[in-house]
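Read-outs throughout are calculated quantities, based only on the coordinates presented, and are distinct from any laboratory measurement. Not measured: the values here are computed from a predicted model. All Cβ positions, glycine included, derive from the backbone under ideal geometry; neighbour counts span all protein chains shown.
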Amino acid sequence: MAAPKRAVQFVCQVCGAVTGKWSGRCESCGEWNTIAEETAGGGVGGGGALRGAQKGRVVALVPLAGSAPEAPRHVSGIGELDRVTGGGFVRGSALLVGGDPGIGKSTLLIQAAAALAGTGRPVVYVSGEEAIAQVRLRAERLGLAAAPVGLAAETSVEDILATLTAGPPPALVVIDSIQTLWTTLVESAPGTVIQVRAAAQALVRYAKQSGATVILVGHVTKDGSIAGPRVVEHMVDAVLYFEGDGAHRFRVLRAVKNRFGPTDEIGVFEMTGTGLREVTNPSELFLGERGRSSPGAAVFAGMEGTRPVLVEIQALVAPSALGTPRRAVVGWDGSRLAMILAVLETRCGVRLGGHDVYLNVAGGLRIAEPAADVAVAAALVSSLAGVALEQDCVYFGEVSLSGSVRPVSHAQSRLKEAQKLGFVRAVVPEATADDEDGRIGVKRVTALSDLVAAVAAG
């Protein structure tokens, strides 16, 4: 008798969309040559189909109120990392850490593993990309070779789980990386959507059952998002991105999802020859390379979570010989820049249609809050007019489509940070209160046209 034919399905390796037939282009994400044939019945929600239906067991229900016998978090000892995670690693949680190749993900996690192991807690580091000798070589370079960290080089999910369950559960397990793992439950190559999904599900289940904290390292695609199906980001409790530019020594750890803490905190590190060093005062670091005052440079007083950060906004407006002027942005939202340019032309009479516009956030930091609108507008007008802004002045405020300047949150924290770094003036929205210490002169603006007139007048 012929063996039953196995059901197959076609899965996009980028977005995870499932179709009944192969095609050259995925209809969900639009990518070409990303659809691969996989056996149905594997991965999340499909494991039972391979073994047949089984009767479920009764799960014990517990009351909502209760107390844990141990502390709910493991404090790593790295202050910037603990800040981003919300105070430390939550027991039984799963974290996904992504970042560009060579940005320092493995270095950060080795330092975190060594710091936690130094407190007497058991820590396991599993590498699927490097041999044991290579990991030891990095640990020696960082001066962490004596740390009591359990090390293994393995890619089989079953072998990893068997090793972890052979003894008492560790406090922290680092898996570097999830794309290199494979499990025998599915018939697919490592790195495919179905393998990544099944491996992540098995490790997340182990974290919940054992109480160990599991950190998964994820590769990123060319557009900066973590490779693999988006369902993996929904499985884990926190998603952290390690950002930075190879041309700068600064690294920023940012949380985009955190079930046990805020998602707007950042941790700032400096890459050195002996590893990553914490930066407790990012404003001083981002402004440390400022030279003499020149047109097109404005200092923005921003907020990253609960931390005020001062950073320099650089703009260059130059006459264009092209039919369509160039617009280049680094570290800010390009759509937001287009809006500011439109408001300047329509509401303030600043003609920028025949000029190329280049905007850069110094230090490699990425800014997302709209409070930078006033600083960007001041830098653009300063560059166009060729007039340097006051070097001891900071700017913040949100610009509306009507040209008015709207108030922003945490104004007092921004002013205190500026005063601490030696700034004596601030251009702020009208509704902003004075500095509590009275050491900063506050200039209020109600409309963007007022700021443009003041900058153009010098």
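Rank-order 295-303, 76-84, 26-34 by packing density, defined as the average count of other C-beta atoms within 10 Å over each peptide's residues, highest first.
Numbers: 295-303: 24.9, 76-84: 20.4, 26-34: 13.0.
In descending order of packing, they fall as 295-303, 76-84, 26-34.
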Which of (i) 5, 21, 32, 27, 12, 3, 0; (ii) 5, 21, 29, 23, 14, 7, 2, 0; (iii) 4, 18, 23, 21, 18, 12, 4, 1, 0, 0 is the computed P(r) over Cα pairs in 10 Å bins from 0, in percent? It is (iii)
Quick one: work out the % antiparallel among DSSP beta bridges in segment 73-280, nearest 5. 40
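Where does the chain land at 222 nm, in deg cm²/dmol rounded to the nearest 500, when only DSSP H runs of n ≥ 4 count, each adding -39500 (n - 2.57), divided by all residues? Don't skip to the end; give the middle numbers.
Values: 12 runs with 119 residues, N = 458.
So the helix-based figure for the chain works out to -7500 deg cm²/dmol.
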Efficiency of FRET between Glu390 and Lys55 - r from beta-carbon atoms, R0 56 angstrom, step 0.05: 0.15
HN-Hα J couplings of segment 355-364 from phi, Karplus 6.51/-1.76/1.60, θ = phi - 60°, integer Hz, Gly and Pro as x? 10, 7, 10, 10, 10, 9, 9, 5, x, x
Order these by the 10 Å Cβ neighbour count, fewest first: Tyr206, Tyr395, Tyr358. Tyr358, Tyr206, Tyr395
Peptide ranges 15-25, 193-203 listed from the most packed, as the mean C-beta count within 10 angstrom indicates: 193-203, 15-25
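Let me know the charge dipole size of segment 229-354 about its Cα centre in debye, to the nearest 20, where only the beta-carbon of Lys, Arg (+1) and Asp, Glu (-1) is charged. Display every interim value, and only then the final one.
Values: 15 positive and 14 negative charges, 83 e Å.
For this selection, approximately 400 debye.
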Please tell me the relative contact order of segment 71-203 in percent, rounded to the nearest whole number, where contacts are Cα pairs under 8 Å and at least six residues apart. 21
XL table Lys105/Lys420; Lys55/Lys208; Lys105/Lys208; Cα-Cα > 27 Å flagged, in table order, is Lys105/Lys420
Net charge near Ala152, counting Lys/Arg +1 and Asp/Glu -1 over other residues with Cβ under 13 Å of its Cβ? -4
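Summing Lys, Arg as +1 and Asp, Glu as -1, what charge do residues with Cβ under 15 Å from the Cβ of Thr165 carry, Thr165 excluded? Working shown, then result.
Working: positive: Arg205, Lys208; negative: Glu154, Glu158, Asp159.
Spelling it out: positives minus negatives among the neighbours equals -1.
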Per principal axis, descending, Cα span of segment 285-456 in whole Å: 51, 33, 28
Percent breakdown of C-alpha pair distances by 10 Å bin, ordered from the shortest bin, for segment 73-280: 9, 38, 40, 13, 0
Among Phe396, Leu108, Gly441 - extreme Cα towards positive end, dipole of the chain, charges at beta-carbon: Leu108
Percent of Cα-Cα pairs per 5 Å bin, from 0 to the last occupied bin, for segment 56-152, please list those. 2, 10, 18, 22, 17, 11, 7, 6, 5, 2, 0
Residue span Arg277 to Ser413: 0.36 nm per residue of separation minus Cα-Cα distance leaves a gain in nm of 46.5 nm
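What is the packing order of peptides 318-331, 335-348, taking the mean over residues of other C-beta atoms within 10 Å and listing the highest first? Don't jump to the answer; show the numbers that get you there.
On the way: 318-331: 12.1, 335-348: 16.9.
Sorting 318-331, 335-348 by mean packing, highest first, produces 335-348, 318-331.
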Residues whose built amide H sits under 5 Å from the amide H of Gly98, excluding neighbours closer than 5 in sequence, are Gly218, Leu240, Tyr241, Phe242
Under a crude label model (7 Å from the Cα following the beta-carbon direction), how far is Glu187 from Ile132 in nanometres? 3.4
Go through Gly323, Val405, Leu384 and say which Cα lies farthest out towards the positive end of the charge dipole of segment 285-456; charges sit on Cβ, +1 for Lys and Arg, -1 for Asp and Glu. Gly323
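Between beta-carbons, use under 11 Å as the cut-off and find the net charge around Gly99, counting Lys and Arg +1, Asp and Glu -1.
Numbers: positive: Lys105, Arg251, Arg254; negative: Asp100, Glu243.
Here the charged neighbours net out to +1.
Averaging sequence separations of C-alpha pairs under 8 Å and six or more residues apart, then dividing by the length of the chain, give the relative contact order as a whole percent. Numbers along the way, then the final one.
On the way: 954 pairs, mean separation 54.9, N = 458.
Answer for the chain is 12 percent.
Compute the length gained on full extension between Ala153 and Lys443: take 0.36 nm times their separation in residues and subtract their Cα-Cα distance, giving the result in nm to one decimal. Write down the numbers at each step before the final one.
Values: separation 290, 0.36 × 290 = 104.40 nm, distance 5.97 nm.
My answer for the length gained is 98.4 nm.
For segment 285-456, what relative contact order do you get, as a whole percent, if you take Cα pairs closer than 8 Å and at least 6 residues apart? Each step should come with its number before you reach the end.
Numbers: 358 pairs, mean separation 43.7, N = 172.
About 25 percent, as a whole number.
Determine the gain in length on full extension of the stretch His234-Ser400; use 0.36 nm per residue of separation and subtract their C-alpha separation, reporting nm with one decimal.
Details: separation 166, 0.36 × 166 = 59.76 nm, distance 3.45 nm.
In short, 56.3 nm is gained.
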Going by a 4.7 Å Cβ-Cβ cut-off, which cysteines of the chain have no partner at all? Cys348, Cys393
Between Asp264 and Ala162, with labels modelled 7 Å along Cα→Cβ, what's the label distance in nm to one decimal, could you check? 4.9
